[in-house]
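The values are calculated or read from the model by the stated rules, or taken from the named source; none is laboratory data. From a predicted model like this one, the values you see are computed outputs, not experimental measurements. Here the Cβ positions follow ideal geometry from the backbone for every residue, glycine too, while neighbour counts run over all protein chains shown. Remember, those area values only see protein heavy atoms, side chains included, never the ligands or the DNA or RNA. Shrake-Rupley method; radii C 1.70, N 1.55, O 1.52, S 1.80 Å.
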Amino acid sequence: MDFNLTKEQQMIRRIMRDFTEKEVKPIAADIDKTEEFPRKTVEKMSSHDMMGISIPIEYGGAGGDEVAYAIAVEEISRACGATGVILSAHTSLACWPIWKYGTEEQKQRYLVPLAKGTYLGAYGLTEPGAGTDAAGQQTTAVLNGDKYILNGTKIFITNGGQSDIYIIFAMTDRSKGTRGISAFIVEKDSPGFSIGKIEEKMGIRASSTAELIFQDCIVPRENLLGKEGEGFKIAMTTLDGGRIGIAAQALGIASGALDETIKYVKEREQFGRPLSKFQGLQWIIADMATEIEAARLLVYKAAYNKTNNLPYGKEAAMAKLFASQCAMDVTTKCLQLFGGYGYTKDYPMERMMRDAKITEIYEGTSQVQQMVISAAVLK
Amino acid sequence: MNIIVCLKQVPDTNEVRIDPVRGTLIRDGVPSIINPDDKNALEEALKIKEENEDIKVTVLSMGPPQADMALREALAMGADEAILLSDRAFSGSDTWATSKALATAIDHIGNYSIILCGRQAIDGDTAQVGPQIAEHLGIPQITYVEELEIIGDKVVAKRAIEDGYYVIEGKMPILLTAIKELNEPRYPSIRGVYKAHEGNRVKNWSAQDIKADLSNLGLKGSPTQVNKSFTPPGRSGEGEILSGSPKEKAGQLVLKLKGKYLI
């Protein structure tokens, strides 16, 4: 048993922290306000192989492991949850399924530029009527000669409108239920594909969340990902890994918030002494630190399992359930410790609390995680 | 063309504390980093490598075995080769013995055109090692470099001084010391991190490997020794607050300064 990070992972943490301090933190409050997608930051991340950390070198990635990737999402999210989810959705939801299920041609054509960060990727499963009930897909794909014709609408798509490549799920055979769902690689310029409404959100405002509209959208037959009917399996296994990314994002938000708060309570004085000298507040800090450490262990454990080809679906669901609740709990308490200042935009706490909330919702709500965990435990 | 970059692993002084009794650094739990000025030296070497053909960048460090980490970070940034001088015989070296060991190692590497060092290390602040290496090797040096151009077998450097700069031309082989104004060091690439940890990317050299004269090394080879280090007590001289209108106060101030023959 060994809880130490490898030398590579330790170095990656230092690099990511340094990068975040200099490139991410200084603009985090601004891009939250303006909802500006941090395109330049993504370019800088690409040029340092941060957009494909866990993808093998031969497919354009850094050849790293899942723990290193989780650390990268965690470190970036310490300062900016929006930038954290851009990285997570791109790597876990777009790169990974192509790596896992794609043909060699698909990997060369799409995964290499995605993992290098030349392309940005997104994943489209959710529909107006198919959220937690992802099996209720209304989008259809009909084979017509050497092309599929897609019709339907996806909503709440992270990196939507900013991405070059979309992994899209659609019904190819409604009579077969979930076994009638297939996955497709769709290029942004495909005829009949357009971007609809861009959501205005409570948090992670600099990340783009868009509606995708398919009107007789033409997708070449060779862009079918996996086999016809494998779509639901691809969607679910992709989300298993995606949850590690979101859990890491939640962990990062919580740990970034606590670090800001520790600085604050040491400086802020009331009744003639720093807040950090009040036992009632010390206990809150102790509980938060403990919760974050527990979340970190769950996240790294799930990532470790994924790296080492061990089962990780339940572990990822536990990590996401716990870490997202931790992020919400910690940011709420941290804001309380900041008092009135915490409620203003002069400090990052209100933004961190807004960013934290989404981690309990996307890539499976907390209730979905409980479904996944209980199904594994009660089987 | 071969460029050798000397770098030192130092405790991150942003997080370092001083033992109030012994006057020494408390290194426990303090992260180690590449000395910041040395990172600028490395960045400049990597820039030269990018802008010219056939450049090899070798990073060289003297330190304990864990200094290996700093060298691997340098490899992850893009250096081609890394050498760690590590031997009990080197321990306790002052700046003279350190520069002597580094110069001997550089001689051993041979065939170099440019040696780049940081101006000074944040844990010692002496700024002596770079210039001493040049003296040991008998080559020219330009210190405090804030801008650099390579023209054929010459370098043209802007050397910063307090209120301006010199533009100095020097012929290779030459030693340069970098200041932070020279450039903005890059982040190591993630792929580079993994490559830097493959196998024996860092060569370990002992005193014997570089055929060093043992009498020049370590405590024995060090003409200086630190007897004591301490934090000087704060000055307790009392200030004086002048009163009156700004004009009156200015007048009083001028009189007082004149009285002390300061103006």
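Could you check segment A:301-326 and list, in sequence order, the residues that are hydrophobic (A, V, I, L, M, F, W, C) and either in a helix (DSSP H, G or I) or open to solvent by less than 30 Å² (accessible area, probe 1.4 Å) (or both)?
Result: A:Ala302, A:Ala303, A:Ala316, A:Ala317, A:Met318, A:Ala319, A:Leu321, A:Phe322, A:Ala323, A:Cys326.
When you go through B:Ala101, B:Ala74, B:Ala79 one by one, which is the residue that is open to solvent by less than 20 Å² (accessible area, probe 1.4 Å), within 14 Å of chain A (Cβ to nearest Cβ) and among the small types (Gly, Ala, Ser)?
It is B:Ala74.
Which of (1) over 15 Å from B:Ser61 (Cα atoms); (2) not in a helix (DSSP H, G or I) is the odd one out, the single condition B:Gln132 does not satisfy?
The failed condition is (2).
If I ask for residues that are within 10 Å of the chain's Cα centre (by Cα) and hydrophobic (A, V, I, L, M, F, W, C), which ones from segment B:11-55 would you list?
B:Ile34, B:Ala41
Which is closer than 25 Å to B:Thr98 by Cβ, open to solvent by 40 Å² or more (accessible area, probe 1.4 Å) and within 14 Å of chain A (Cβ to nearest Cβ), of B:Arg186, B:Arg201, B:Arg191?
Exactly one residue qualifies, and that residue is B:Arg201.
What is the number of the single condition among (1) touching a helix residue (DSSP H, G or I) at 6+ places or on another chain (Cβ under 7 Å); (2) within 13 Å of chain B (Cβ to nearest Cβ) that A:Pro56 does not meet?
Result: A:Pro56 fails condition (1) only.
Within segment B:89-126, how many residues turn out to be part of a helix (DSSP H, G or I) and aromatic (Phe, Trp, Tyr)?
Within segment B:89-126, residues that are part of a helix (DSSP H, G or I) and aromatic (Phe, Trp, Tyr) number 2.
Within segment A:129-148, is even one residue without any contact (Cβ under 8 Å) to a residue 12 or more places away in the chain and open to solvent by less than 10 Å² (accessible area, probe 1.4 Å)?
Yes - at least one qualifying residue is present in segment A:129-148.
Taking interchain pairs and intrachain pairs at least six residues apart, which have beta carbon atoms under 7 angstrom, with the first residue in segment A:1-24 and more than 11 Å from chain B (Cβ to nearest Cβ) and closer than 16 Å to A:Ser46 by Cα and the second part of a helix (DSSP H, G or I) and modelled with pLDDT of 95 or more?
Within 7 Å, the pairs are A:Val24/A:Thr41; A:Val24/A:Ile76; A:Val24/A:Ala79; A:Val24/A:Thr83.
Can you say whether A:Arg221 is basic (Lys, Arg), in contact (Cβ under 8 Å) with a residue 60 or more places away in the chain and either open to solvent by 40 Å² or more (accessible area, probe 1.4 Å) or farther than 19 Å from A:Gly160 by Cα (or both), as far as the supplied structure shows?
So A:Arg221 fits the description; yes.
Answer yes or no: is there a residue in segment A:74-89 that is within 9 Å of chain B (Cβ to nearest Cβ), touching a helix residue (DSSP H, G or I) at 6+ places or on another chain (Cβ under 8 Å) and of a type in the set (D, E, K, R).
Taking every residue of segment A:74-89 in turn, none turns out to be within 9 Å of chain B (Cβ to nearest Cβ), touching a helix residue (DSSP H, G or I) at 6+ places or on another chain (Cβ under 8 Å) and of a type in the set (D, E, K, R).
If you take the residues of segment B:171-182 that are crowded, with 19+ Cβ neighbours inside 10 Å and not aliphatic (A, V, I, L, M), which of them is nearest to the other protein chains (Cβ to nearest Cβ)?
In this case the residue turns out to be B:Thr177.
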